[in-house]
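Student: Below is a structure I'd like to ask you about.
The values are calculated or read from the model by the stated rules, or taken from the named source; none is laboratory data. None of these values were measured; they are calculated from a predicted model. FYI the Cβ positions are ideal-geometry reconstructions off the backbone, even for glycines, and counts take in every protein chain you see.
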Amino acid sequence: MKRILITGMSGTGKTATIEEIGARGYTAYDLDSAEWSEWVEVDSSDRLTPVEGKDWVWREDRVRSLLSQQQDERLFVSGCAENMEKFFPLIDVTILLSAPSATILDRLATRPASGYGHSPDDRRKVVDLIATIEPLLRQVADFEIDTRQPVRVTVDEILRLVG
């Protein structure tokens, strides 16, 4: 089984991409959902978190169990969390989704008011996180895809890259 992580900053299209992969019949999970992730309390001085005093992390027991399953087919997961590096040994391919900050900010502005990134404060934080976190993601990624293109094109490219 090949395990593929699709990661990137908020607004790069991880959710739309993983949904399209699932719609095409592949086993696909959005780890940025409450089933797989949770908010945890952190030191309020930590500036690398999406929300002051809180961080979004993968539920380690659930994600480890998912990634440890033996299957004959490819397993696609998407998400971005502070603790995801713990799972890199279980990941075969990491694909970074990226887009210019202006594109990301436009996408975030259209999210529902309850969605992360909708508020002006959230969007300012996202710009800071892009400058800080995205270079770290780029270092661990096997491939990077610019998501200004339609989602179907992004998924076509992912499927071509992973064979």
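Student: Scanning for something assigned to a strand (DSSP E or B), on the phi < 0 side of the Ramachandran plot and not small (Gly, Ala, Ser), does the stretch 127-139 turn up at least one residue?
Tutor: No, the conditions are met nowhere in the stretch 127-139.
Student: Check off (1) modelled with pLDDT of 95 or more; (2) assigned to a helix (DSSP H, G or I); (3) more than 23 Å from residue 75 (Cα to Cα); (4) not hydroxyl-bearing (Ser, Thr, Tyr) for residue 107 and give me the number that stays unchecked.
Tutor: With (1) modelled with pLDDT of 95 or more; (2) assigned to a helix (DSSP H, G or I); (3) more than 23 Å from residue 75 (Cα to Cα); (4) not hydroxyl-bearing (Ser, Thr, Tyr) applied to residue 107, the lone miss is (1).
Student: So, in the stretch 48-57, of the ones that are under 19 Å from the mean Cα position of the chain (by Cα) and either at pLDDT 95 or above or part of a loop (DSSP other than H, G, I, E, B) (or both), which residue ends up nearest to residue 121 (Cα to Cα)?
Tutor: 50
Student: What is the number of the single condition among (1) in contact (Cβ under 8 Å) with a residue 24 or more places away in the chain; (2) surrounded by fewer than 20 Cβ atoms within 10 Å (Cβ to Cβ); (3) over 21 Å from residue 60 (Cβ atoms) that residue 36 does not meet?
Tutor: (3)
Student: Does residue 98 fit the bill of being under 14 Å from the mean Cα position of the chain (by Cα) and either polar (S, T, N, Q) or surrounded by 15 or more Cβ atoms within 10 Å (Cβ to Cβ) (or both)?
Tutor: yes
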